[in-house]
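Read-outs throughout are calculated quantities, based only on the coordinates presented, and are distinct from any laboratory measurement. Given the structure is predicted, the values throughout are model-derived calculations rather than measurements. Methodologically, a virtual Cβ is constructed for each residue, glycine included, from the backbone with ideal geometry; neighbour enumeration extends over all protein chains shown.
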Amino acid sequence: MAFMVTDDCALCMACIEECPNEAITEGDNKVVIDPAKCTECVGFYAAQKCAEVCPSGACVPDPNQKEDEAALMAKYQALHPGRAPTKD
Ligand code: SF4
């Protein structure tokens, strides 16, 4: 499932640069994750970068955006045609 940002976001912006899919943008009171671009970092990293760097624990799985690994990989491939997936 895609990740989402809760109201605990302190707008520190740490996550924006870390997202390999450029899925995170600044909103009014918190940053916002575009579920069409979030692959849960599938294709790039073994763990979700935004959740790793968030000091507030505000980046969490979105229960309304449930996707399995295959769906996330398909999204990755659509976003990055021709790029071989990596995982650190
Ligand atoms: Fe970006 Fe990964 Fe966070 Fe999704 S889980 S918003 S792809 S950093």
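Structural remarks
- For segment 14-62, the spread of Cα positions along the three principal axes, ordered from largest to smallest, is 30, 22, 20 Å.
- Helix axis angle, 69-79 relative to the chain longest principal axis, alpha carbon, degrees: 90 degrees
- Other residues within the sphere of radius under 11 Å centred on the Cβ of residue 14, judged by their own Cβ, net out at -2 (K and R +1, D and E -1).
- All Cα-Cα separations within segment 43-82 were binned at 10 Å from zero, giving a P(r) of 25, 48, 26, 2, each value a whole percent of the pairs.
- Extents of the chain, largest first, come to 35, 24, 19 Å (Cα atoms, principal axes, whole angstrom).
- Mean Cα-pair separation over length for the chain, i.e. relative contact order, pairs under 8 Å, 6 or more apart, %: 38 percent
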